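Have a look at the structure below before the remarks.
What follows draws every value from the coordinates through simple rules; no lab data is involved. Since the structure is predicted, the reported quantities are computational estimates derived from the model, not experimental observations. Here the Cβ is made from the backbone with ideal geometry for all residues, glycine too, and neighbour counts use every protein chain on show.
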């Protein structure tokens, strides 16, 4: 993968669980919420045997410092996410009929995935889908708050944007172990918004009811 060199900014404060959650609440979702984590479920326009690839970052490794430093971004993107991509490719390689679909489409049909690879697809595929979405919504130059319909929906369901941020951070800090904090929308419930957390690499794509993700924040157990 060809990436831009990291920015040479130092850390003004350590990266901890709260800082990462703040990054998710303040930076995420305010950049690209027009593509929720549920919409991309069509087939790839590629040969069926093509494997998933690690998507490149849209910004320098150090662009999110001091909230997330360059070293952490390299480990997270180049190490952790790549491992999930390799893991789900290895699993689906055992059942070629499941290759060629987007990871979103696979996870939405997880109960149909062959049993011998289902757990691996749930863990590794969920990690790939969650991180792929995460990189899309992070930005170093976000406006700081949402606008338009998203802001109206947040104010309707949480009272204010500030109240939403507080509840999102609380949900993340109280989650036990590693996992994800999500802001999801329920299209069949008058587009009601809800904050929820999921363990490990579980995905909102595998929920019993359609709940597209609008914002996601990775919760690191040892951060």
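Observations on the structure shown:
- Residue list for the range 116-132, given a label point 7 angstrom along the Cα-to-Cβ vector of residue 94 and an amide N cut-off under 18 Å: 116-128
- Protection proxy ranking of 126-132, 201-207 - average other beta-carbon atoms within 10 Å, highest first: 126-132, 201-207
- Here's the picture: a label point sits 7 Å out from the Cα of residue 157 along the beta-carbon direction, and within the range 189-222 the residues with their amide nitrogen under 13 Å of it are 189-197, 210-216.
- Principal axis analysis of the Cα atoms in the range 42-153 yields extents of 43, 36, 26 Å, listed in decreasing size.
- Ranked by how many other Cβ atoms sit within 10 Å of their own Cβ, fewest first, the residues 173, 102 fall in the order 173, 102.
- Put a dot 7 Å past the Cα of residue 141, heading toward its Cβ, do the same for residue 102, and the two dots end up 2.7 nm apart.
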